[in-house]
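Some notes on the structure that comes next.
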Amino acid sequence: FCSKGGNVLLHSPTYTGFTGALGNNGYNMILSPLVKDENGVWRMDFEDMERRIVENRIHAAVFCSPHNPTGRAWTAEELKKVGTICLENGLYILSDEIHCDLLRSGLRHTPLASLFPESRRIVTCMAPSKTFNIAGLHFSELLIPDIALRAERNNCLLYTSDAADD
């Protein structure tokens, strides 16, 4: 979603798998720190996030929902705000939702892409590894609703018949 050497937004603290993968593949990580409120709840600093996006000419964000390592399940309102900031600034969002089935009682997961059904800039990552404890199978999926973006990312030919049903 951006060229090597490009800037990618992450929230910190962040999962070291993200920092390792990005750093080892030549991307610059721009961190927007999460902050704890007076009740000890991790929150996104939306002003800081938008400032960093603009100042650093960021083209992509890796977003973790629920957040790893804090375990924070974002509200629909928070997701709407982070999605709006990213999309209005032209970012692609790689939304890692691998932990979505592991929530504390009473919490609900809202897929980021469900709040922006017309966007072609959100890619959702899912995997059964956390839910079913089968990480050894090395299986995951990318949900890319926009067929042109999916073909572009996969270096595939774009087929027009029945392609929307894939």
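The values are calculated or read from the model by the stated rules, or taken from the named source; none is laboratory data. Everything numeric here is computed off the predicted structure, so don't read it as measured data. Here the Cβ positions follow ideal geometry from the backbone for every residue, glycine too, while neighbour counts run over all protein chains shown. Protein only, heavy atoms only, side chains kept; ligands, DNA and RNA dropped before computing areas. Shrake-Rupley method; radii C 1.70, N 1.55, O 1.52, S 1.80 Å.
Mean separation of Cα pairs under 8 Å and 6 or more residues apart, divided by the residue count, gives the range 1-86 a relative contact order of 32 percent.
What FRET efficiency comes out for the pair Phe1/Arg108, r = Cβ-Cβ distance, R0 = 25 Å, nearest 0.05? E(calc), rounded to 0.05, equals 0.35.
Please report, as a whole percent, how much of the solvent-accessible surface of the range 1-109 comes from carbon and sulfur atoms (probe radius 1.4 Å). That fraction is 49 percent.
Taking label positions 7 Å along the Cα-Cβ direction at both Lys81 and Leu142, the computed distance is 3.0 nm, reported to one decimal. Length gained on full extension, Asn39 to Asn24: 1.8 nm, using 0.36 nm per residue less the C-alpha separation.
Amide H to amide H distances under 5 Å link Phe63 with Leu94, Ser95, Asp96, where only residues 5 or more positions off or on other chains count and H is placed in the peptide plane.
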